[in-house]
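Step one of this worksheet: look at the structure below.
The values are calculated or read from the model by the stated rules, or taken from the named source; none is laboratory data. Please read all numbers here as calculations on a predicted model, not as lab measurements. A quick note on method: Cβ atoms are made from the backbone with ideal geometry, for glycine too, and the neighbour counts reach across all protein chains shown. In case anyone asks, the SASA skips ligands and DNA or RNA and just uses the protein heavy atoms, side chains included. Shrake-Rupley method; radii C 1.70, N 1.55, O 1.52, S 1.80 Å.
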Amino acid sequence: MTTVIKNGTVVTADLTYKADVKVDGGKIIEIGPDLSGDEILDASGCYVMPGGIDPHTHLEMPFMGTYSSDDFESGTQAALAGGTTMTVDFCLPDPGQGLVDAIKRWDNKSGLAACDYSFHMAITWWGEQVFNDMETVVKDHGITTFKHFMAYKGALMVNDDEMFASFQRCAELGALPLVHAENGDVVADLQAKLLAEGNNGPEAHAYSRPPAVEGEATNRAIMIADMAGVPLYVVHVSCEESHEAIRRAKMQGKRVWGEPLIQHLTLDESEYFDKDWDHAARRVMSPPFRNKQHQDSLWAGLASGTLSCVATDHCAFTTDQKRYGVGDFTKIPNGTGGLEDRLPMLWTYGVSTGRITPNEFVAVTSTNIAKILNCYPQKGAILVGADADLVVLDPEKSKTITAASQVSAIDYNVFEGKEVKGLPRFVLTRGKVAVMDGELKAEPGHGKFVKREPVNPVNKALSTWKELTAPRKVERTGIPASGV
Ligand code: URP
Ligand code: ZN
Ligand code: ZN
Ligand code: ZN
């Protein structure tokens, strides 16, 4: 059966034009005027765009003594409801656990995914097995991105020597390292100091992770990646200090990408000073929300291209789970939701305000991500042969975000009360309609794992350059006799 999206305006990362889009067998098969097919979806007044890709989610993640409450079933349905058609989650090996074992655990969790998904692998410890497994992960499992936590001391954190070893291994394999950039040693000290002073509420979480902690780690990771000869992707860039390090690196020709979150773009640190403990704790995540100056920096980065992708870091904990940290902010599970709201929030606060264009919107929510993760143009494109992952966005459709009406499994929403305008009329996941006239029809189990190839063009260019400029012994003609 063929489906045709008719009368819409196609918006991609680089073009805007009137055309119908015809889909069959999960792929886009034709783009042009006056197409006919078995099923017609009327996109009059709407934008037809590549479905969103969220490069950063934690579904059913074991973390801080519990599991995040959105799993692959509820999380991917929330994603589709908001126009996101692919998520990339993080496999987290336990200390001493092999990487392939960790993939098995994530494979077991992801069977009920309603949209396509891929995995990053986290490097949570270092040893010969990890070194060897990295090759298997890349070559046999199609996972080509490796995450390094520079924070969460005593849990997920890796040290500089481990990071340097892993980055060099990534360079050899044509893989891409990712970093959670915060100085975990400094955070741990600040946390202890704040607690000792009786500062135990959720606001202390923000005090324990100032922008300098993030700027220092971002800069360090960039330099380590440069010495290893590998590109770098910095997740959840929240502040000017980190953005500045990325901007400077880019100006020097280093291959670094930065990913702000929709939460950091639209919510600020005043949330942590709310008198209601639950309100503040529900917004505890790392890095914490920042002030307006930092937000302006992130928006400027998206507009200028020094920041590349907008993600959510969706890691949703219920209010009961957040209450593990009553009396000790360091025990509040870190993480917030956002999968369902990323596109409508970015359209409302980014495109409708004129901060970014509709084409830039597509770039930062989909196309740039697909290119960086090396799954373009299967994903992130409206081209014949690409997967029919599409969102038909109605710029006139609006709603008020409420927990009561959300798909996500948790009992609150950090964007509660926000008015958003620009919502999906239709969402297609590999050709299957998952949102029909605004109504969710997602099918758990429809989602497929997206395998990715190593050595994207940027890795190749960088390794060629590094090879050309590598240290070389100078062959001398006259060698003087040795001294005394
Ligand atoms: O607070 C956060 N961001 N929780 C999820 C884990 C991580 O650091 O990405
Ligand atoms: Zn993180
Ligand atoms: Zn509240
Ligand atoms: Zn994360």
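Observations on the structure shown:
- Cα gyration tensor category, rounded, prolate or oblate, for the chain with a/c compared to 1.5: oblate
- Probe 1.4 Å, accessible area per residue of the chain, Å²: 38 Å²
- Antiparallel bridge percentage (DSSP; both residues within the chain; nearest 5): 50 percent
- Partner aspartates and glutamates whose Cα lies under 12 Å from the Cα of K421, excluding those fewer than 8 positions away in the same chain, are identified as D341, D394, E396.
- In order along segment 53-58, phi translates into HN-Hα couplings of 10, 9, x, 8, 9, 10 Hz, rounded to whole numbers, per the Karplus curve 6.51 cos²θ - 1.76 cosθ + 1.60 with θ = phi - 60° and x for Gly and Pro.
- Taking all Cα pairs closer than 8 Å and separated by 6 or more residues, the relative contact order of segment 5-148 comes to 18 percent.
- Percent carbon-and-sulfur accessible area, segment 298-440, ignoring ligands, DNA and RNA, probe 1.4 Å: 50 percent
- Percent carbon-and-sulfur accessible area, segment 46-168, ignoring ligands, DNA and RNA, probe 1.4 Å: 46 percent
- Loop-located GluC sites (Glu not before Pro) in segment 115-214, at most 12 other Cβ atoms within 10 Å (DSSP): E197
- With all protein chains modelled, accessible area of V427 [1.4 Å, Å²]: 0 Å²
- Proximal aspartates and glutamates relative to K371, as straight alpha-carbon distance under 16 Å, when same-chain residues fewer than 8 apart are discounted: D14, D54, E259, E360, D387, D389, E453
- Expressed as a whole percent, the accessible area of segment 171-245 that falls on carbon and sulfur atoms is 53 (1.4 Å probe).
- Calculated [θ] (222 nm, deg cm²/dmol) that DSSP helices of n ≥ 4 give over the chain, each run adding -39,500 (n - 2.57): -9000 deg cm²/dmol
- Cross-link table K147/K460; K139/K473; K6/K441; K254/K418; K139/K432; K139/K466, entries beyond 28 Å C-alpha to C-alpha: K139/K473; K254/K418; K139/K432
- Average projection area in nm² (convex hull over Cα atoms of segment 402-443, one quarter of hull surface): 3.7 nm²
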